[in-house]
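Down below is the structure, laid out as structure tokens.
Bear in mind that the values in this text are calculations on the coordinates, not laboratory data. Since we're looking at a predicted model, the values are computed, not measured. Ideal geometry is used to build each Cβ from the backbone, glycine not excepted, and the neighbour counts take in all protein chains shown.
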Amino acid sequence: MEYQRSVEWIAFLLSFIFLSGQLGLIGAFFVLYINPTWLLWLIPGAIVLIYWSVVTFRPIKFTTKPNSNLRDNMSLCYITWLIYCLNLIPQVILLFSHVTDQLERKFYFGPRMLKLTLSCTPFLFVVFVFGHHNRNISQFRNYYVAYLANEVTLDLFDGVEILENLFVDDIEFTVSISIKVVLLVLSSINFLLPAIALYDLHSQRPSKQITFKVIYKGCSLIILNIPYLIIRLILWHSYHKDISVLFMKNIIITALNTEELLHHYFVERRTSNQSTTPHQHNIHRIESQV
């Protein structure tokens with residue numbers, strides 16, 4: 001209990017620091033490159049920060065109670081992430097439509113600072129997960145938390161890294177409007193998808209957990225990794241852009257998720273159906289006797 005409380009305190013403090021820093025830096029980019037009135041974006045950001053802080057503080061209070069309820073611990077996590085994304089996504093779109101064309105590499109608030117600002121999102125997800133999970137005697141749940149903190153975070157980093165192609169560092173390398181729109185749409189979806197994984201932590205029933213895990217893997221395969229793989233090939237072939245190291249990550253995750261989805265469909269479902277068939281047969285036999 002003491003260890004869990006310490007982890008949640010650290011997660012609470014880190015998430016508050018990094019979230020407030022990210023919101024403040026985005027506001028600074030708006031003020032410096034667009035208009036000082038865009039500082040009004042800090043108002044919804046402050047609301048998100050307050051709500052995030054209240055929700056992440058709740059598990060700390062629950063760890064002090066003997067009858068801690070797992071559902072109470074997790075009930076607001078996926079809603080909080082959705083609220084955070086609904087504030088972040090419009091800001092990211094505005095940054096890449098109004099700010100990135102004006103960034104100066106030598107200036108402190110340049111491309112590197114903007115990349116650092118956006119890379120706070122995967123870190124926020126990690127501390128958010130570890131600040132909300134209930135580390136109990138269920139080893140399966142601990143493994144699942146570790147899975148979330150690895151695979152989902154890697155997808156988030158992938159979405160942030162691929163946005164680097166929208167920075168105008170060279171006049172000869174300027175992507176088309178269609179690729180820019182596709183990348184922004186895919187990255188926006190990428191920011192939202194962790195809500196599916198967080199809903200697993202909200203759910204108490206293992207059957208739901210398996211179902212939503214499969215849903216996330218399907219979305220990660222079809223919506224993220226395959227499109228990212230195709231786009232990186234286009235950027236490499238048509239725009240002579242250096243290939244990203246995450247190109248191989250897209251290939252590996254595509255292969256692994258495909259295998260797991262096929263295993264779930266052809267093996268796990270068939271095993272589940274076979275295990276329920278005798279039970280259903282007995283029910284029908286009893287009903288016929290009655």
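Hey, with R₀ at 45 Å, roughly what FRET efficiency would TYR108 and VAL267 work out to, going by the Cβ-Cβ distance, to 0.05?
With R0 = 45 Å, the Cβ-Cβ based efficiency is 0.25.
Sorting check: for 77-85, 40-48, 227-235, which peptide has the highest mean count of neighbouring beta carbons within 10 Å, and how do the rest follow?
By packing density, highest mean first, the sequence is 77-85, 227-235, 40-48.
Using 1/(1 + (r/R0)^6) with R0 = 25 angstrom and r between the beta carbons of LEU32 and GLU164, what's the FRET efficiency to the nearest 0.05?
0.80
Could you give the length gained on full extension between LEU82 and VAL214, defined as 0.36 nm per residue of separation minus the Cα-Cα distance, in nm?
45.5 nm
Can you check what the net charge comes to around ASN225, using other residues whose Cβ is under 15 Å from the Cβ of ASN225 (Lys, Arg +1; Asp, Glu -1)?
Net charge in that neighbourhood comes out at -3.
Multiplying the sequence separation of ILE251 and PHE18 by 0.36 nm and subtracting their Cα-Cα distance, what value in nm do you get?
80.8 nm
What FRET efficiency comes out for the pair TYR51/TYR3, r = Cβ-Cβ distance, R0 = 30 Å, nearest 0.05?
0.65
Any chance you could run the full-extension gain for LYS115 through TRP236? It's 0.36 nm times the residue separation minus the Cα-Cα distance, nm to one decimal.
41.5 nm
Using the Cβ atoms and a cut-off under 11 Å, what net charge is assigned to the surroundings of VAL245, where Lys and Arg are +1 and Asp and Glu are -1?
Once all neighbours under 11 Å are counted, the net charge is -1.
Quickly rank 211-219, 256-264 as a protection proxy: mean count of other C-beta atoms within 10 Å, highest first.
Result, highest mean first: 211-219, 256-264.
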